[in-house]
Amino acid sequence: MKTLLVCAGGFSTTMMMEAMKKIVKDSAKLEVEDYPMEAIGVDKLDRYINDYDVILVGPQLSHKYDFIKGEAEKINKPTVLLTSDIYGSMDGATVMKQAILAYRKSQ
């Protein structure tokens, strides 16, 4: 499951991505190579969206979420708008669960 994290500039999503990678690495059930991730700024979305299985959107882009979700739906990609609470606490475990659930629901 390839995961794309999108935020305004790509900086805070890089921190979230590292928290998610740690969860995968520390898991007895998940293999790191099965969960590649990338964090980008929203301005690069059109170049990357086709290459990923699930799109996670930082809360600072909630005003653009409907647009991002619409673009993702055109190519059958699930999206998740991360909440400020989960994002602010860098809760990688919850975000991984949300990403996996969204991906499974789309299959």
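The values are calculated or read from the model by the stated rules, or taken from the named source; none is laboratory data. In this text, all values refer to a predicted model and were calculated from it rather than measured experimentally. Ideal geometry is used to build each Cβ from the backbone, glycine not excepted, and the neighbour counts take in all protein chains shown. The accessibility values were calculated without ligands, DNA or RNA, using every heavy atom of the protein model including side chains. Shrake-Rupley method; radii C 1.70, N 1.55, O 1.52, S 1.80 Å.
Applying the criterion of being touching a helix residue (DSSP H, G or I) at 6+ places or on another chain (Cβ under 6 Å) and closer than 26 Å to Glu71 by Cα to the residues of segment 31-41, the residue that is least open to solvent (accessible area, probe 1.4 Å) is Ile40.
Listed conditions (1) in contact with a Ser or Thr (Cβ under 9 Å, 6 or more places away or on another chain); (2) farther than 14 Å from Thr14 by Cα; (3) surrounded by 19 or more Cβ atoms within 10 Å (Cβ to Cβ); (4) touching a residue at least 24 places away in the same chain (Cβ under 8 Å) are all met by Ile49, apart from (1). Residue-level check: of (1) part of a helix (DSSP H, G or I); (2) open to solvent by 40 Å² or more (accessible area, probe 1.4 Å); (3) in contact (Cβ under 8 Å) with a residue 24 or more places away in the chain, Phe67 misses just (3). Being open to solvent by 60 Å² or more (accessible area, probe 1.4 Å) and part of a helix (DSSP H, G or I) is the filter; apply it to segment 1-25 and report the residue that is farthest from Ala102 (Cα to Cα). Taking the candidates together, the pick is Phe11. In the set (1) modelled with pLDDT under 95; (2) under 29 Å from Lys74 (Cβ atoms), the condition left unmet by Met37 is number (1).
Under the condition of being open to solvent by 40 Å² or more (accessible area, probe 1.4 Å) and over 15 Å from Ala102 (Cβ atoms), the residues counted in segment 52-64 number 4. Considering the conditions (1) at positive phi; (2) modelled with pLDDT of 95 or more, Gly10 is excluded by exactly one of them, (2).
Do we have any residue at all in segment 49-63 that's assigned to a loop (DSSP other than H, G, I, E, B), acidic (Asp, Glu) and within 14 Å of Leu5 (Cα to Cα)?
The answer is yes, given that some residue of segment 49-63 is assigned to a loop (DSSP other than H, G, I, E, B), acidic (Asp, Glu) and within 14 Å of Leu5 (Cα to Cα).
Going residue by residue through segment 70-80, is there one that turns out to be out of contact with any His (no Cβ under 8 Å at 6 or more places or on another chain), closer than 17 Å to Leu4 by Cβ and in contact (Cβ under 8 Å) with a residue 40 or more places away in the chain?
Going residue by residue through segment 70-80, those that are out of contact with any His (no Cβ under 8 Å at 6 or more places or on another chain) are 70-80.
From the residues that got through so far, the ones that are closer than 17 Å to Leu4 by Cβ too are 70-80.
When the remaining residues are screened for being in contact (Cβ under 8 Å) with a residue 40 or more places away in the chain, the result is none.
Looking for residues that are out of contact with any His (no Cβ under 8 Å at 6 or more places or on another chain), closer than 17 Å to Leu4 by Cβ and in contact (Cβ under 8 Å) with a residue 40 or more places away in the chain, one finds none in segment 70-80, hence no.
When restricted to residues that are assigned to a helix (DSSP H, G or I) and over 11 Å from Leu5 (Cα atoms), segment 26-43 contains 5.
Ala28 meets each of the listed conditions (1) within 22 Å of Lys105 (Cα to Cα); (2) surrounded by fewer than 19 Cβ atoms within 10 Å (Cβ to Cβ); (3) among the small types (Gly, Ala, Ser) apart from (1).
Consider segment 87-102 and keep the residues that are in contact with a Ser or Thr (Cβ under 8 Å, 6 or more places away or on another chain) and at pLDDT 95 or above. The one that is least open to solvent (accessible area, probe 1.4 Å) is Ala99.
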